[in-house]
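Down below is the structure, laid out as structure tokens.
The values are calculated or read from the model by the stated rules, or taken from the named source; none is laboratory data. Note that the coordinates shown come from a computational prediction; the quantities given were computed from them, not determined experimentally. In this analysis, Cβ positions are derived from the backbone assuming ideal geometry, glycine residues included, and neighbour counts consider all displayed protein chains.
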Amino acid sequence: MNGQRSRGVLLLVAGAFLITLAALVRLYVYPSGLLLPAEQDRITKLTTESGSYFDTATLRTHRGVPLETVVARYGDTVRSTPDVAVWTEFVSLATRDGQRVDYHERRAAFDRRTGLAVNCCENYVDENANPAPRGLVFRWPFGTRPVAYQVYDPLVRRPVTARFEGIETLYGVRVNRYAQRLVNERLVQQAMQLPGSVLGLGGGKPFPVNAYVEGTRTFWVEPESGMVIGVRENLVKTLRTPDGRGRLVALAADMRTSEGDERWNAGEAEQFGRWTTLVNRVVPLSCAVLGALLLVAGLRVQTRVPAPASPEDSESPEGPEDADGADAPGEGEGDGVSGGGAGGAAAPEPRPAGG
């Protein structure tokens, strides 16, 4: 009986432990693991087979040229903290034969849970040592939703709205599509001058020009991990005189992340999805179900254990009758002797001595 009771208690304890473990994994272990990485060492490419650009060195426009943008990102694990990651990005646009067309770099800190920019850790964008970025910088948040997000644009030095446009499947991964639209946005860059002959004004007199950009930047984001699977930049940059009379196209290109990089990103997102399914669903649900079954089994065992017997119930039912009704030892023998003396032969008398 004691062994059966112990088994019931063990089942109850094990069931309670598994249910508690399920809650801890779901409510603590999984959320604590959702941190954007501080480590980063990744190079991706955007390409086009036919782009146009203006060469400021030769003052010539090249059309139908294959172009490639190389984006290199590196994490600063020394300056990063458990809550903030610091990455540096180098972006180089060049022709396929290595002729550089444009170059930018930036360093930005961001919250490792939300992906939002944090103004610290020696942030910079090109020559600006204090850009104070706002919005998303490198990564999108975990659990990205089908709503608009503010994404920081290093070209215009401010956040630009990326609106949700639909759901697609990219290399077997379900993704949300977001689009940033730039309309006549002035770029922040060093002042420059160009001769009127290339600006459509005639003559060799130099004129100051400002740079503007317009077009669309599209992001394909895997929502659970917040990973950007692919990017498309269909942008046109122009150089214009302050009065708008002179202008030329500095860059016109429709570029997209290379197929190899998109496949790699999709694979990383799938791996994150498997981890999420295991930690956020399979383990908690399995522990909860098994714990509930153990609790039920433990309660059943406990209800089958008989209650301990009381002292009154442990006495024999025949004991009192023996004490009250049974003849006392020796009483039957005494009666038999008396009866024999009354109705039987008299006991022989002793003979006189010498007789």
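Hey, does the stretch 182-200 have a residue that's in a loop (DSSP other than H, G, I, E, B), over 18 Å from Phe54 (Cβ atoms) and at pLDDT 90 or above? No, the stretch 182-200 contains no residue that is in a loop (DSSP other than H, G, I, E, B), over 18 Å from Phe54 (Cβ atoms) and at pLDDT 90 or above.
Ala94 - would you say it is aliphatic (A, V, I, L, M), under 26 Å from Pro141 (Cβ atoms), at pLDDT 95 or above and surrounded by 13 or more Cβ atoms within 10 Å (Cβ to Cβ)? Break it down into steps so the answer makes sense when it comes.
Values: aliphatic (A, V, I, L, M): yes; under 26 Å from Pro141 (Cβ atoms): no; at pLDDT 95 or above: yes; surrounded by 13 or more Cβ atoms within 10 Å (Cβ to Cβ): yes.
No, not satisfied.
Restricting attention to the stretch 43-91, which residues are free of Cβ contacts under 8 Å to residues at least 12 places away in the same chain, hydrophobic (A, V, I, L, M, F, W, C) and either farther than 27 Å from Met227 by Cα or buried (at least 16 other Cβ atoms within 10 Å of the Cβ) (or both)? Residue satisfying the conditions is Ala57 alone. Residues that are assigned to a loop (DSSP other than H, G, I, E, B) and either of a type in the set (Asp, Glu) or farther than 30 Å from Thr114 by Cβ (or both) within the stretch 221-266 comprise Glu224, Thr241, Pro242, Asp243, Gly244, Arg245, Gly246, listed in sequence order. Out of the residues in the stretch 267-311 that are assigned to a loop (DSSP other than H, G, I, E, B) and hydrophobic (A, V, I, L, M, F, W, C), which is modelled with the highest pLDDT? Only one residue fits best here, namely Val305. Taken as a whole, the structure places Arg96 among residues that are of a type in the set (D, E, K, R) and touching a Ser or Thr at 6+ places or on another chain (Cβ under 9 Å). Contact map, the stretch 22-42: residues that are under 20 Å from Glu224 (Cβ atoms) and assigned to a loop (DSSP other than H, G, I, E, B) paired with residues that are at pLDDT 75 or above and of a type in the set (Lys, Arg), Cβ distance under 6 Å, separation 6+ or inter-chain. Pairs shown: Leu35/Arg112; Leu36/Arg112; Leu36/Arg139; Gln40/Arg73.
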